[in-house]
Amino acid sequence: MAFGQQSGPPATRQQLSQLLELLNNAGHSDFRDARGPMGFTQRQAGGKFTTAEADAFIEQLLATEHGQGDTPPEPKPRVTAAEQKLRNVPAEQLATELQRRGWVVMEP
């Protein structure tokens, strides 16, 4: 099987419409919007599912909707470039700069 191809028969139109309806109820606008929170692959984000994949996601969303299953994982917050740079600055240097700006700084 080639990379990125489905490993089974494609999902039916009814399965896709039910899945999209459940995603809309969960607060997502489309498959791409739900990619991160639901863990969709790039292929799935384009709306291409196998029947087994569609059934599994429908079951997961129905269980979540009825409070029986785990909620889909929340996406990790994105870290900006400035925040990444600040993580490499020593704490003493950060404290000195904050004090220079008028902040009160104390050790945890």
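Brief remarks on what is shown
- Restricted to region 11-27, and to residues there that are small (Gly, Ala, Ser) and in contact (Cβ under 8 Å) with a residue 12 or more places away in the chain, the residue that is surrounded by the most Cβ atoms within 10 Å (Cβ to Cβ) is 11.
- Enumeration of residues in region 49-87 that are at pLDDT 80 or above and in a loop (DSSP other than H, G, I, E, B): 49, 80
- Filter result (of a type in the set (A, V, I, L, M, F, W, C), surrounded by fewer than 16 Cβ atoms within 10 Å (Cβ to Cβ) and without any contact (Cβ under 8 Å) to a residue 24 or more places away in the chain) within region 29-65: 56, 63
- Among the residues of region 30-48, some residue qualifies, meaning at least one is at pLDDT 90 or above and touching a Gly at 6+ places or on another chain (Cβ under 6 Å).
The values are calculated or read from the model by the stated rules, or taken from the named source; none is laboratory data. The structure displayed is predicted, hence computed values, not measured ones. Glycine gets a Cβ as well: all are built from the backbone with ideal geometry, and neighbour counts include every protein chain shown.
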